[in-house]
Amino acid sequence: MGSVLAASSPSPPPPSSVVASPSLTMPPGFGMPPVSSVPISMEPQEAATLLPNPGAFDECHRKCKEVFPMQMEGVRLTINKGLSNHFQINHTLSLSTLGDSSYRFGATYVGLKQTGPAEFFPVMVGDMDNSGSLNAQIIHQISDSIRSKMAFQTQEHKFVNWQGDTEFRGKDFTATVTFGNPDVLVGCGIVVAHYLQALTPALALGGELVYHRKPSEEGAVMSLVGRYTGNNYIATLTLGSAGAHASYYHKANETLQLGVEFDASTRMQDTSVSLGYQLDVPKANLQFKGSLDTNWVVGATLEKKLLPLPLSLVLCSFLNHNKNKFQCGFGVTIG
């Protein structure tokens, strides 16, 4: 579940989300639950009682969301360049017929502290566009169980949002506290508390509490989540006063993955169902994603890696039948 913006943000997201800038890419392994291990000398009955860490609350629907295609309009060129084993920069040029063309420069630094096979900390990720708007994140593994993150956002040289959160991962639970744009003098801000507990190796239950306050209003929203993980599927349900969100992910085989999402909003008085699928063709270095929802929006993306060259091509198209609107995008990634 995505990002928490402060009450001063122009268009606040649904309360059941956590901040994450869409333009930032996180390093591999971040946010993934650690793989539990059982000592060889442990008795089978004792090993069977151990429960795995359920992961983070905002990742409950992540597996299903990854199946759906990402919308892109216009032409996009991305160049990635690794300067060392710990430092990488990237250039992104976006050209659009809608008039929002931009250039972004990004940088990623990965520290020397290794906590897993592909996890190094601290991690600093940021990018800036041609108007001076900045997005940045700093992630650090304080200890084996505690991880912290800071996120900043400016818009045209003006400071607009910042967030800090602390995540504690126990053997069979994860607890997170997030503060968004706290201002003691004005008396406003957002506080989000997450808790996810593994009841069995397959079943995890948790809750989310969102409290927001500003001079003109104050309120809290609570939601509950349940996730069941099978051999090749994941079923998740989130219920709260803001609405309901259900997702089902199914891995049919090594090349085909399916996902179904149901959204019901009490504020908008609207419901929708979306179907998505992902088809991988490893021999052709090809990946295809498609989606269809009850609003008659059809979307598809095609990604082709031109090996042995460090080059990837992406084609994207979305068609809204109700609004007679069509969007098409083409992207090239080098490096």
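The values are calculated or read from the model by the stated rules, or taken from the named source; none is laboratory data. Just so it is clear, the structure is predicted and the values come from calculations on it, not from any experiment. Positions of Cβ are backbone-derived with ideal geometry, glycine not excepted, and every protein chain shown enters the neighbour counts. Note: areas computed on protein heavy atoms with side chains; ligands, DNA, RNA excluded. Shrake-Rupley method; radii C 1.70, N 1.55, O 1.52, S 1.80 Å.
Computed values, structure above
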quantity: Probe 1.4 Å, all protein chains present, accessible-area order of MET128, MET72, largest first; calculated: MET128, MET72
quantity: Estimated vicinal HN-Hα couplings, Hz - region 165-174 in sequence order (Karplus 6.51, -1.76, 1.60; Gly, Pro = x); calculated: 9, 10, 10, 10, 10, x, 5, 9, 7, 9
quantity: 14 Å beta-carbon shell around LEU185, net charge (K/R +1, D/E -1); calculated: +1
quantity: 3J(HN,Hα) from dihedral phi, region 313-323, Karplus parametrisation 6.51/-1.76/1.60, rounded to Hz, x for glycine, proline; calculated: 10, 10, 10, 9, 8, 9, 10, 9, 5, 5, 9
quantity: Sorted peptide list for 58-68, 86-96, 320-330, criterion being average Cβ within 10 angstrom, highest first; calculated: 58-68, 86-96, 320-330
quantity: Apportionment of accessible area to carbon and sulfur, region 232-272, percent (1.4 Å); calculated: 59
quantity: Mean Cα-pair separation over length for the chain, i.e. relative contact order, pairs under 8 Å, 6 or more apart, %; calculated: 14
quantity: Radius ratio Rg over Rh of region 224-335, counting only Cα atoms, Kirkwood formula for Rh; calculated: 1.05
quantity: Cβ-based charge dipole, region 191-273, positive-most Cα from VAL225, TYR195, GLY240; calculated: TYR195
quantity: Within the accessible area of region 151-200 (1.4 Å probe), percent carbon and sulfur; calculated: 66
quantity: Formal net charge of residues neighbouring GLY230 (Cβ-Cβ distance under 14 Å; K, R +1; D, E -1); calculated: +3
quantity: Trypsin sites (Lys or Arg not before Pro) within region 264-302, DSSP loop, no more than 13 other Cβ atoms inside 10 Å; calculated: ARG267
quantity: Accessible solvent surface per residue of region 91-202, calculated while the other protein chains remain in place, 1.4 angstrom probe, Å²; calculated: 54
quantity: Value of Rg to Rh for region 94-202 (Rh from inverse mean 1/r over Cα pairs, i.e. Kirkwood); calculated: 1.07
quantity: Accessible area expressed per residue, region 261-335, with surrounding protein chains retained (probe 1.4 Å, Å²); calculated: 65
quantity: Along principal axes, Cα extents of region 146-245, largest first, whole Å; calculated: 49, 29, 24
